[in-house]
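First comes the structure, then the notes that go with it.
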Amino acid sequence: MSTATDWYEAGCARDCSNQHTKQWGRCAHAPESARPEPTVLIGTVETADDGHGETVMRSVPLSAWNGLITVAKWVSRGRSMAFAPDPDIALRYPDAAARRALGALDDAGVLNRPGAHDG
């Protein structure tokens, strides 16, 4: 248990006034492993329950987003260069990065596949 001022002096949020939560961004005693993965927010317009469009923000892991950019750079070189290495982009075709990026976009609901995220 911490004292009444321990949480404040440590730089924690009031959540830690009884016991340190070790929650990243709220507790000074949070380990580095508690740090959330950086994300990119993507805004999409979706049809709301009232039939009108609404802006919805979707979060995608930054590493997946960077993988998607790597794949786009590779593909933009053209079909004839599909299997030619380019050390400035990747040593070989980044198919694992493509799968992870598409999976992350799907998990975030960005791909808008009908029925994919229904209860």
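The values are calculated or read from the model by the stated rules, or taken from the named source; none is laboratory data. Note that the coordinates shown come from a computational prediction; the quantities given were computed from them, not determined experimentally. Ideal geometry is used to build each Cβ from the backbone, glycine not excepted, and the neighbour counts take in all protein chains shown.
Observations, loosely collected:
- ALA64 vs. criteria assigned to a helix (DSSP H, G or I), of a type in the set (A, V, I, L, M, F, W, C) and either within 30 Å of CYS12 (Cα to Cα) or touching a residue at least 40 places away in the same chain (Cβ under 8 Å) (or both): yes
- Residue within segment 78-98 that is in contact with a Pro (Cβ under 9 Å, 6 or more places away or on another chain) and free of Cβ contacts under 8 Å to residues at least 12 places away in the same chain present: yes
- For segment 44-85, the set of residues classified as among the polar types (S, T, N, Q), touching a strand residue (DSSP E or B) at 6+ places or on another chain (Cβ under 7 Å) and modelled with pLDDT of 85 or more consists of THR47, THR55, SER59, THR70, listed by residue number.
- Each residue in segment 59-95 was checked for being of a type in the set (A, V, I, L, M, F, W, C) and farther than 23 Å from GLY109 by Cβ, and 9 of them qualify.
- THR70 being farther than 30 Å from THR21 by Cα, hydroxyl-bearing (Ser, Thr, Tyr) and part of a strand (DSSP E or B): no
- Annotation: ASP49 fulfils all but one of (1) more than 22 Å from ASN112 (Cβ to Cβ); (2) exposed (fewer than 10 other Cβ atoms within 10 Å of the Cβ); the unmet one is (1).
- Options ASP50, ASP6: the member that is more than 25 Å from ARG99 (Cβ to Cβ), over 19 Å from the mean Cα position of the chain (by Cα) and outside the structural domain of ASP107 (by TED's automatic domain parsing): ASP6
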